[in-house]
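The values are calculated or read from the model by the stated rules, or taken from the named source; none is laboratory data. This is a predicted model, so every value here is computed, not measured. In this analysis, Cβ positions are derived from the backbone assuming ideal geometry, glycine residues included, and neighbour counts consider all displayed protein chains.
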């Protein structure tokens, strides 16, 4: 029985708690959160205990930690967990600073513990099927990637202020998808952006709409377009063009109803937001984490992946701010 | 805490066990199956006990029974459960004999217990959304229904022999969908059928392909087409034409991948079979059952619905066998 | 140069005139219509002359007649044209009476002239592609056909009165599609119908909504559902299930625009009505007619096809009126 | 009756000849081509005469010229036609040199003649419907544009050598779509490209795959991705995100057949190439040209549009070659 400590009892913490509870041979032992009420409520729901970080790292019976607390706590928790010899599952991003993220990766490496970063999209059934079919050669060699990534609406400005900016907060996922699908590293990154949905976004030095173009070391191309607001919901698509065809990963819909009226023919909007769209992905990533722990195999989304995605986010931020092409 | 006894530890029993276990305030207490090993394995998985029917009906703590055993056991179990004052969830069909089904309905009524028949399709998110939107008037008054219902492949002949024939075994669901969506009862039923997929089906006096046309008391029309074999998988669609438009309920797909190659543009086949396609429906129907029990409200698919669907199956069987239009 | 006489300068006559004019080596020489102004206008547009039937049949230079006048004129014109040795293209139906239609077929046979009936759907690019791919074995042997055929709105009652009823006027096309796709003849026909869209339809002894089930001599099955009114436009689909899969023929749309808004995701309605949906089919059937004449090959939709479709329409009418299954 | 001279009897010249012939009140009078046999064949087909440019410009009866000859002839023909007072329809691009294109625009302006550049995509029914619906406010204000533009295969290297490079030859259309849809001019252009489909493309100093990101003066964003080779055919799509939703312009398909087999669910590939995909667009643009001439109204795609698109192509070429962001 692997005992698990969960840091963070918020929206994402609740998802992870439920998925931890579903794993055979795994028990949610502790919940830690600065919000004591939230921690208590979630702990009770799963027969776990509220505690603090020190107790977790001191408890020899805790085999793994799941970190879903705020981004500014990630690096410290990863390093402490590594030093305590715990296996680690941590939400993206590792940190807003590439240097600190690298220090985490170093600590993990030194400790020799498993560390998985929550790039949930890699576990989405649709995204994963594209990856699998691409690997099987269905469309030959990948040449070009087009990623469309749009949120239904922007988070509050208070969140944006501490988010590290749109490239580190939102596109970090898209940068990971780019690396995962194209199997190559960026040589140059160009990013531009605008404040188009809400002037408040600009007041904190951020943008809400971006266009990014990447050229890889092998000369492959990728374009990413994002927006903090899509009136029709959460838009999560990509398509990869290969020498023998194209694979598209489309949105998921709540139902398969189609309505035909005098006004037109209409279907459902995409699943509303990440909790709905990536429900299966969250379950599958946690299953994978504990499965890899059990078997002693390598996790599929490593802390190195987390560092690399952050490097791309940094490069894009620089490209946008300094209006120049960034070489990596 | 409602304690539950589950009859049947086969394919459908396992689904129900998992869904019972997921309900708050509900505990799977007993598993009963003629196959002792299957009963034991399933009981252990859920911390339940293997027992026999007598013990179940004698145990005052058992509040509800879930019947997922073979069809020939349904009637007896329903009647005994009703007499013992247990709430009942029973898989379709109630029985292969309309008379016995009516006797069950009578017993349930007399006992005043809740009894829900597992017409899972009514709980499918897509089917339920059509029903809801139709009720809201999106396409005006329903006028015509077209149901397409095809299995990926025929069951073994040994199964067919005891199935009651395609109309009672397979179309019973479609007849229930017809009644549920059209909100009217059949006035005339015409059914024809053929053995087109496997001559073995004919050797047991059954058909594997059917075409049914129904006219309701209000003059509404319905056509149902079924086949025991669709090479592309489980095909579960219907469309309802109304005075102001049409609503289509389409198939669900495992992923939203689309592939573009020199050979064409292709997407996923439908979810393979009922366990995949109706996974959500099975979960939702069980949640509804215990929710209704808890609140003391009426279940949405009653034993009367079970009797009515069976009457239609009988009428269709007669129409096909005697080559005549049957009036109800 | 083949000189052509066109009977009928109405809606369909204009379509045919344009398509005749587009054929190489073909000249529209005469237009004949009881409405002199319509005849004159259409003739002038194409550099043709207005004349009467006698003059047409007496003119040795006229090689072919295109009959797009009202249904009650078809039989007489076919017989006269056959006797005059002209090749014939005639709109469906041959006649409302099967006997007269057979007499026409006899006259055509005796005269040895080419005679093509305008079953335009066989020339629709989508429908024709299904037929071609079925013939190539893509889905194995055809087993079941589902036809959905709905008009955007009912014609005036004055039209309905002389139309021969919905089975002869509207389903005649669907019966032809059935024979063409299933490559088999009906053994039994069952038809039911209702007045659901407009009570006026009932006042002339007709119905506006029908459900038809056919079993062929080989035991294949077909269901046809029709309505005089689909609020979303002209709905012309069929699907054929075979031993190895299914082929669907879908509606055509004016554009490939998809709109995503807070209200949903919507696309175009089907092409509005037959002039739009079957524009290509009308052009292709006329090209085929003159191509076959030029090469001396058999036309693809013969007067025998016209007779057979009418026999099915008669059988369906009888089934509906007399509430019985009709054997053929 | 407007008499027309057509320069160019090649692939596109034939299309234009047919569409000119279809206009009421318009007559194709002359065909001019360096390939005498091609000119003769096309002229005969339309009852026109073969002649030379001098004769065309000297003939007072010629009201309009249609220029579909090779790109290097466009500028000279436009200037001569303008000086001769003829209305001009000219294929894109105006010229490969922005300076010469500007000189043409100047000549046209000075002469006061109508001059339309063949940006056929603006007349495509799907593209035009997006533009129209955007203008009607269906999705609020346009914020971001994503253009996907892929050919089924690269032209011969001999063609590429004189094409002006992929940005002037292929993306010129996409740059026009960008200006037309976003209703704003580019402030910065970034372009990158690669040789991914055929090394031969690189030997003539060109690329076959590009990624372009544009920021407009108002801060709107656009990304364009192109390839000379899509194994599945001609891929011509764009989508525009607005403050209230998104409009997508999709590919057109030859038929609406969908096939369901054990291998998957598949539909048609897009229309193969521009002659098929833009067949309607070519007809509609020519109808618009003569309609505007007849009414004395402004043509919708002016020579200024031609110059502007070329300026963008030049900026993109510079960005790609010099690896820098180009400001306009």
Fill in: Residue count, region D:101-144 (criterion: touching a strand residue (DSSP E or B) at 6+ places or on another chain (Cβ under 7 Å), more than 9 Å from every other protein chain (Cβ to nearest Cβ) and not in a helix (DSSP H, G or I))
7
Discussion item. Could you tell me how many of the residues in region C:80-90 are surrounded by fewer than 22 Cβ atoms within 10 Å (Cβ to Cβ) and part of a loop (DSSP other than H, G, I, E, B)?
Written reply: 2
Discussion item. Kindly evaluate residue C:147 against the criterion of being under 22 Å from residue C:245 (Cβ atoms), under 17 Å from the mean Cα position of the chain (by Cα) and within 12 Å of chain B (Cβ to nearest Cβ).
Written reply: yes
Discussion item. Given the options C:5, C:37, C:17, name the one that is part of a helix (DSSP H, G or I) and crowded, with 21+ Cβ neighbours inside 10 Å.
Written reply: C:17
Discussion item. For the list (1) in contact with a strand residue (DSSP E or B) (Cβ under 7 Å, 6 or more places away or on another chain); (2) more than 30 Å from residue C:64 (Cβ to Cβ), I need the number of the one condition that residue C:272 fails.
Written reply: (1)
Worksheet item: If a residue has to be in contact with a helix residue (DSSP H, G or I) (Cβ under 9 Å, 6 or more places away or on another chain) and outside any loop (DSSP other than H, G, I, E, B) to count, how many in region A:55-72 make the cut?
Response: 9
Item to complete: Within region C:256-266, identify whether any single residue is buried (at least 22 other Cβ atoms within 10 Å of the Cβ), in contact (Cβ under 8 Å) with a residue 60 or more places away in the chain and in contact with a helix residue (DSSP H, G or I) (Cβ under 8 Å, 6 or more places away or on another chain), and answer yes or no.
Response: no
Discussion item. Given the criteria modelled with pLDDT of 95 or more and touching a strand residue (DSSP E or B) at 6+ places or on another chain (Cβ under 6 Å), does residue B:233 qualify?
Written reply: no
Worksheet item: Just one of the numbered conditions (1) within 26 Å of residue A:302 (Cβ to Cβ); (2) more than 20 Å from the chain's Cα centre (by Cα); (3) surrounded by fewer than 22 Cβ atoms within 10 Å (Cβ to Cβ) is not true of residue A:28; which one?
Response: (3)
Worksheet item: How about region B:181-251: which strands (runs of 3 or more DSSP E) wholly inside it have at least 2 residues that are under 20 Å from residue B:127 (Cβ atoms) and within 9 Å of another protein chain (Cβ to nearest Cβ)?
Response: B:209-216, B:221-227, B:235-242, B:245-249
Worksheet item: With respect to the numbered conditions (1) under 26 Å from residue B:201 (Cα atoms); (2) within 14 Å of chain A (Cβ to nearest Cβ), which one is the sole condition not fulfilled by residue B:171?
Response: (2)
Item to complete: Scan region A:91-132 for residues that are over 27 Å from residue A:69 (Cα atoms) and either surrounded by fewer than 17 Cβ atoms within 10 Å (Cβ to Cβ) or touching a helix residue (DSSP H, G or I) at 6+ places or on another chain (Cβ under 9 Å) (or both) and jot them down.
Response: A:130, A:131, A:132
Worksheet entry | Criterion: more than 19 Å from the chain's Cα centre (by Cα) and at negative phi - qualifying residue of C:72, C:59 | C:59
Discussion item. For the structure I just gave you, tell me whether residue A:162 is closer than 20 Å to residue A:91 by Cα, out of contact with any helix residue (DSSP H, G or I) (no Cβ under 7 Å at 6 or more places or on another chain) and surrounded by fewer than 23 Cβ atoms within 10 Å (Cβ to Cβ).
Written reply: yes
